[in-house]
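Report on the following structure.
Only the coordinates and a few stated rules stand behind these numbers; no lab work does. What you see is a predicted model, and the numbers here were worked out from it, not measured in a lab.
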Amino acid sequence: MSAQAAPRINDKREIFGWYMYDWAISAFSTTVGTVFLGPYLAALARAAADASGMVYVLGV
C-alpha cells in the first residue's frame with residue numbers, strides 16, 4: 001500500500017480564495033439582479049396591467 005499525503009487543513013491561501021469567490025459572486029448576482037431583473041419585472045407588470053392600470057394576480 002502506498003501512503004497518501006494528508007489533506008491540508010486551514011490553508012490560508014485556499015480560504016482567502018473562497019472568500020474572494022464568495023464576495024465576487026455576491027457582487028455579480030446583486031448587480032445583475034438590479035440591472036436586469038428590475039426593468040424586466042417593471043415591463044412585465046406594465047404588460048399585465050389592464051386599461052386602468054390594475055394588475056390582477058392569478059386572475060382574481
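Odds and ends about this structure:
- Helices in the chain, meaning DSSP H runs of at least 4 residues, each add -39500 (n - 2.57). Divided by all residues, the mean residue ellipticity at 222 nm is -17500 deg cm²/dmol.
- Rounded to the nearest angstrom and listed largest first, the equivalent-ellipsoid semi-axes of the chain from its Cα gyration tensor are 51, 15, 7.
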